[in-house]
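This report concerns only the one structure given below.
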Amino acid sequence: MSEVLTEAFLVGLLATTMRAAAPLILAAIGEAFSQTAGVINVGLEGYLLTGGFGAYLGSHYLGNAWLGAGTGMVAGAATALLAGYVMISRRADQIVTGLAIWILSIGAVGIAYRIIFSDGNALQPQRVAVDAFNEWAVPGLSSIPWIGDIAFNQVPLVYLAYLTVPLAVLLLRSRRGLKVRATGESPEALESAGGSVLRIRYLCVVATGALAGLGGAYLSIGQTDTFEEGIVGGRGFIALGVAIVGRRHPVGVLIAALVFALAESLQLWLPTAGVDVPRQLLQMLPYVVTIIALAGIFGRVRHPRAFLKPFERQA
């Protein structure tokens, strides 16, 4: 492989990894806080899907990608609110609820997509291009050799995804972050001290939906200008693994997301380098990495004491 090809390969691979990690970071940052508060969102895949479709609809009808991203966040948050009501208020099993929300999202989005864009053929919806995000080169930084092409020539949603990491660190260290941790570790003590366990859990779940909705918006109007029903492609379940492997800490989530995104990007770039690897094996790679990580190869992950446990206020 020539030096020029090597440079082009590495720059392309790393730039693609940066982009592929964006929706994982957004979904996993919210999920990390939600799990810290004791609630797991197995329906994260559904939040991404409704967010992506909401962003697509918003951009289609409002004619603006930023407004579309906003409607995507609202759609993801609304889906999470429904899940939160069932898990938190009705105290239903969180795993079963998450799977039900995921299946419901697939059905609801599929029906809505066919009704709105059927064009007389319900089996094959019409593909309609909408206003989408374009790459924005950061002035000054984008001209830095290698680094500029990798990190500072992306669509705005990618920058927003990485900005959530330091913001989440600050939130985690704040008084509100302490309350989130207390909600997962000792909800009875927090309630006795005047805090509201249910309110904090609701806020964490809805915030997870909003961030996942923004991640879905990236998938539909950030990396393309149209929508497909399989656009999420299992990223919600990978984001669950990212949150757990990252020890529910924003920096750990960032590192884990980049590792999983690198596995996903290799399936696109290895063939360009002349590496003869079966296509099916490359497509399996991100999910294999997820399974290996969750199997405990990176060490056991300690869960909060109230993890998966419903909370009922005492009279």
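The values are calculated or read from the model by the stated rules, or taken from the named source; none is laboratory data. From a predicted model like this one, the values you see are computed outputs, not experimental measurements. Cβ atoms come from the backbone with ideal geometry, glycine included; neighbour counts cover every protein chain shown.
Per-structure values
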| read-out | value |
| --- | --- |
| Top-ranked residue of the stretch 275-315 - restricted to ones that are among the small types (Gly, Ala, Ser) and at pLDDT below 75, ranked as farthest from the chain's Cα centre (by Cα) | Ala315 |
| Residues being among the acidic types (Asp, Glu) and either more than 19 Å from Ile40 (Cα to Cα) or surrounded by fewer than 16 Cβ atoms within 10 Å (Cβ to Cβ) (or both) - total across the stretch 175-193 | 2 |
| All positions within the stretch 44-64 that are surrounded by fewer than 24 Cβ atoms within 10 Å (Cβ to Cβ) and assigned to a helix (DSSP H, G or I) | Leu57, His60, Tyr61, Leu62 |
| Of residues in the stretch 95-136 being in contact with a Phe, Trp or Tyr (Cβ under 7 Å, 6 or more places away or on another chain) and part of a loop (DSSP other than H, G, I, E, B), the one surrounded by the most Cβ atoms within 10 Å (Cβ to Cβ) | Val130 |
| Unique residue being buried (at least 18 other Cβ atoms within 10 Å of the Cβ) and modelled with pLDDT of 90 or more when the list is Ile255, Ile231 | Ile231 |
| Condition met for Val86 (farther than 20 Å from Val158 by Cβ, among the β-branched types (Val, Ile, Thr) and within 17 Å of the chain's Cα centre (by Cα)) | no |
| Members of the stretch 189-234 that are over 30 Å from Val128 (Cα atoms) and either of a type in the set (S, T, N, Q) or touching a residue at least 40 places away in the same chain (Cβ under 8 Å) (or both) | Glu191, Ser192, Ser196, Val197, Leu198, Ile200, Arg201, Tyr202, Cys204, Val205 |
| Residue check for Leu99: free of Cβ contacts under 8 Å to residues at least 12 places away in the same chain and either under 16 Å from Leu157 (Cα atoms) or within 18 Å of the chain's Cα centre (by Cα) (or both) | no |
| Which numbered condition Asn41 fails, given (1) under 20 Å from the mean Cα position of the chain (by Cα); (2) in a helix (DSSP H, G or I); (3) of a type outside the set (Ser, Thr, Tyr) | (2) |
| Cβ-Cβ under 8 Å pairs, at least 6 apart or on other chains, the stretch 138-160 side in a loop (DSSP other than H, G, I, E, B), far side of a type in the set (Lys, Arg) | Val155/Arg19 |
| Failed condition for Val169, given (1) outside any helix (DSSP H, G or I); (2) aliphatic (A, V, I, L, M); (3) modelled with pLDDT of 95 or more | (1) |
| Hits in the stretch 203-226 - residues which are at pLDDT below 95 and not β-branched (Val, Ile, Thr) | Gln223, Asp225 |
